[in-house]
Amino acid sequence: MTLTTLLILAAALIGIGLYGALSQQSFVMLMMGLELMLNGVMLAAVAFWAYSGTGAPEGQLLTIVVMAVMAIEMALGFALVVAVFRAKQADTTEALSELKQ
Amino acid sequence: MTPSLGTHIAFGVLATFAVLTGWRVFCTDSMVRASFFLLLSFIAVGGIMILLTAEYLGVAMFFMMAVEMMVMALFMVMFMMNPAGLNPMKMVHQERVAIAAGVIAFIVLSAVAVLSDFPDAPLPAEHAPVISLGRELLGDSMLVFETAGVVLLTTMVGVVVLSSRRGRYGRADEGSMPPGLMPGGEPAGQPSEEEEGEHTHHHH
């Protein structure tokens, strides 16, 4: 377990998440891709904190901010999914050709 | 803190598990199962955080992601076709481009990780991560922490507004219109060509 292997693991998670976010048709699966990318980002932040040698708590604080971002992303994403589903009966990205009501 | 052999083995197992479950998220037929695979991936990363002595974050990850993935599974059942995976199903578009983008992102980020000269200093032996994080959250970084709280409150308000069925001028899913400037007049601030046939749900 070194900083390099941790960052490679974070890169793998970000790569898989990017694939999911770009390829999935369903809105919720697309959000899962975004969450997987944020997972990798959090791991990288904690890894940098753990191997920077000072033990300064700001690295963990960054991870907490990313966690809050993740919660916001999920809450607003689900609200948008509900709104779009009500307006268009659509649950896939293909079913939307325009965002205007 | 110098990692022991057990730490290395645990890291290897958890890292493999995180990548495998993360990959399975996008190739399982059942969307509910996909959300549980994502939960397993998050839990593996939380375990790695605990190995890195960020105990608070690792445990917070467990709890937060358990709840979040339950909500996600609920939404899957409500909205998505085939939530239980009874039929084989693949719902992807532009798959080759997406695979290429993911592989390129992995290669570039890994190259940065391998080629750069990052610090590799272990944490000091006497540090107390949870205590120092608590002091930071309620001390120097109080403003950042409070800002996150206010942003979360704003998100709650925004979510309620977005998912509310009733808008300011009537039901949102019927296309709510503002009232006219004069009694029975045209809706204020709306383009006039939409008016014919739309008068049934105005509130006069």
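The values are calculated or read from the model by the stated rules, or taken from the named source; none is laboratory data. Because the structure is predicted, anything quoted here is derived from the model rather than measured. Reconstructed Cβ throughout: ideal geometry from the backbone, glycine too, with neighbour counts over all protein chains shown. SASA here: full protein model, heavy atoms, side chains in, ligands and nucleic acids out. Shrake-Rupley method; radii C 1.70, N 1.55, O 1.52, S 1.80 Å.
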So how do A:75-87, B:37-49 stack up, highest first, on mean other-Cβ count within 10 Å? B:37-49, A:75-87
Counting only other chains, what is the mean number of Cβ atoms within 10 angstrom of the Cβ of each residue in peptide B:22-30? 5
Please compute how much accessible surface disappears when B pairs with A, both sides summed, using a 1.4 Å probe, and round it to the nearest 100 Å². 6900 Å²
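Relative to the Cα centre, what is the charge dipole magnitude of the protein assembly as shown, using +1 at the beta carbon of each Lys and Arg, -1 at the beta carbon of each Asp and Glu, and rounding to the nearest 20 debye?
So the magnitude is around 660 debye.
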Averaged per residue, the 1.4 Å probe accessible area of the protein assembly as shown, protein heavy atoms only, in Å², is roughly 51 Å²
Dmax and Rg, reported as Rg then Dmax, of chain A (C-alpha, Å): 16.9, 54
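Give me the dipole magnitude in Debye, nearest 20, for chain A about the Cα centre, with unit charges on the beta carbon: positive for Lys and Arg, negative for Asp and Glu.
That gives a dipole near 120 debye.
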Ratio for the stretch B:101-168, C-alpha Rg to 2.2 N^0.38 Å, reads 1.92
For the stretch B:25-37, in order, what is each residue's ³J(HN,Hα) by Karplus, 6.51 cos²θ - 1.76 cosθ + 1.60 with θ = phi - 60°, in whole Hz (x at glycine and Pro)? 3, 9, 10, 9, 6, 8, 6, 5, 4, 4, 5, 6, 4
With a 1.4 Å probe and every protein chain kept in, tell me what percent of the accessible surface of the protein assembly as shown is carbon plus sulfur. 70 percent
Nearest-10 value in Å² for the accessible area of B:Met89, using the 1.4 Å probe: 50 Å²
The protein assembly as shown - Debye-derived log10 I(q)/I(0), Cα point model, q = 0.07, 0.08, 0.11 Å⁻¹: -0.35, -0.45, -0.75
J(HN,Hα) series, the stretch B:45-51, from Karplus relation 6.51 cos²θ - 1.76 cosθ + 1.60, nearest Hz, glycine and proline x: 5, x, x, 5, 4, 5, 4
Shielding score for A:74-85, defined as the mean number of other chain Cβ atoms within 10 Å: 6
